[in-house]
Structure formats: structure tokens, C-alpha cells
Amino acid sequence: MAEQRIRALALCIFHHKGKILVNQFYDPIKQQVLYRPIGGGIEFGETSAEAIVREVREELGLSMKDLRLLGTLESIFIYDGKPGHEIVQVYDAIFEDASVYEQSHVDGQESNGSPFVAKWHASSSFNDDSPLVPKGLHELLVNAGRLE
């Protein structure tokens with residue numbers, strides 16, 4: 001059995017015209033679609049800000065500017081039948097290449113090589129059946145003026 005541990009994670013919100021850029025994924029056990037912003041794990045010796053810059057560069061091949069911390073969330077969840085526990089630093093930033101905001105989607109690649117497509121979604125895309133994760137993120141973004 002794998003050791004259970006708390007994972008440190010950094011996510012970045014890119015917003016444009018009332019929409020945010022998210023990756024859609026699926027929990028086969030719950031048969032549920034979930035949405036999560038771009039980001040990933042914080043490596044030992046790396047700050048959360050350094051992690052998000054690295055993750056966006058690795059996953060999307062893009063650079064950003066004006067990075068700022070919006071808040072921190074603690075997420076305890078079950079995904080694919082396995083328990084998880086994350087401390088999540090949530091950042092806001094702007095893509096250096098403004099043309100990204102005019103694209104309907106951005107092609108990405110996970111660290112394991114799996115491709116994914118990140119798309120722009122409005123607040124209305126997220127609900128109890130297809131939530132924005134981690135829990136509490138939607139409220140944080142509404143309070144920060146990033147979603148309606």
C-alpha cells in the first residue's frame with residue numbers, strides 16, 4: 001500500500017472576458033467530469049511561485065508575467081477511488097503572449113507525456129455534477145473578481 005501524504009500543489013488562474021483556462025478530466029469511479037486550472041506539484045526546494053512558472057512552461061510551453069498569490073486552499077478528496085489531501089497555493093497571472101487569449105483552447109502535455117487540452121470556461125460551466133476543483137476554488141475566484 002502506498003504511503004499516504006499531503007501533497008503541496010500550485011495552480012494558476014488565467015482569466016479573460018469572464019472565463020478561466022481549465023483542464024477537464026474524468027473520475028471513472030464517480031463517473032464525474034471535473035475541471036482544474038493549470039498547475040502541479042511543488043518540488044522540494046522550490047517555492048510555489050517557482051513551481052507554477054515551471055509547470056506552465058512544461059505543460060503549455062508558455063511564459064507568464066504579473067504572478068500573484070490569490071489564496072491557499074486545503075483539499076481533502078477521493079479521486080478514482082483513492083483518498084487525496086492537498087495544500088494548494090492559487091495564483092493569478094497573465095500570459096506574455098496575448099494571442100493565447102484569442103485561442104479557443106491550448107494544447108498541453110502532462111509530465112508523464114499524456115496530452116491534454118485546456119479550454120476557456122465561464123462560471124456557468126461549473127456545478128455540483130461537474131465541479132471546479134479543488135473545493136473552495138470557485139468561491140475564492142468569485143471573491144477575487146476572477147469569476148462571476
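Please find the FRET efficiency linking Q24 to A98, where r is the Cβ-Cβ separation and R0 is fixed at 25 Å, and quote it to the nearest 0.05. With a Förster radius of 25 Å, E is 0.55. Placing a label point 7 Å from the Cα of E148 along the Cα-to-Cβ line, the residues of the stretch 1-44 whose backbone N sits under 18 Å from it are 15-21. Computed from phi, the 3J(HN,Hα) profile of the stretch 8-24 under the Karplus parametrisation 6.51, -1.76, 1.60 (θ = phi - 60°) reads 8, 9, 10, 10, 10, 9, 10, 10, 7, 6, x, 10, 10, 8, 9, 9, 9 Hz, with x in place of Gly and Pro. Between the C-alpha center of the stretch 9-25 and that of the stretch 98-122 there is a gap of 10 Å. With R₀ set to 30 Å, the beta-carbon distance separating V33 from R57 gives a calculated FRET efficiency near 0.65. Counted residue by residue at 0.36 nm each, then reduced by the alpha carbon distance between them, the extension gain from D128 to S111 reaches 3.3 nm. Mean separation of Cα pairs under 8 Å and 6 or more residues apart, divided by the residue count, gives the stretch 7-143 a relative contact order of 31 percent. Straight-line cross-link partners of K135 among the lysines, defined as a Cα under 22 Å from its Cα and at least 8 positions apart when in the same chain: K19, K30, K82, K119. Sorting 119-126, 60-67 by their mean Cβ neighbour count within 10 Å, with the most densely packed peptide first, gives 119-126, 60-67. Taking 0.36 nm per residue of sequence separation and removing the Cα-Cα distance, the R68/E50 pair yields an extension gain of 5.3 nm.
Based only on Cα atoms, what Rg/Rh ratio does the chain have, Rh being taken as Kirkwood's radius?
Working: Rg = 14.6 Å, Rh = 15.7 Å.
Taking Rh as the inverse mean 1/r over Cα pairs, Rg/Rh reads 0.93.
Quick check on packing: order 40-47, 89-96 by the mean number of other C-beta atoms within 10 Å, highest mean leading.
89-96, 40-47
Backbone amide hydrogens, once placed in the peptide plane, bring Y91 within less than 5 Å of L11, C12, I13, L70, excluding anything fewer than 5 places away on its chain.
Coordinate-derived values only; no laboratory data. Here the structure is a predicted model, which is why all the values come from computation and not from measurement. Here the Cβ is made from the backbone with ideal geometry for all residues, glycine too, and neighbour counts use every protein chain on show.
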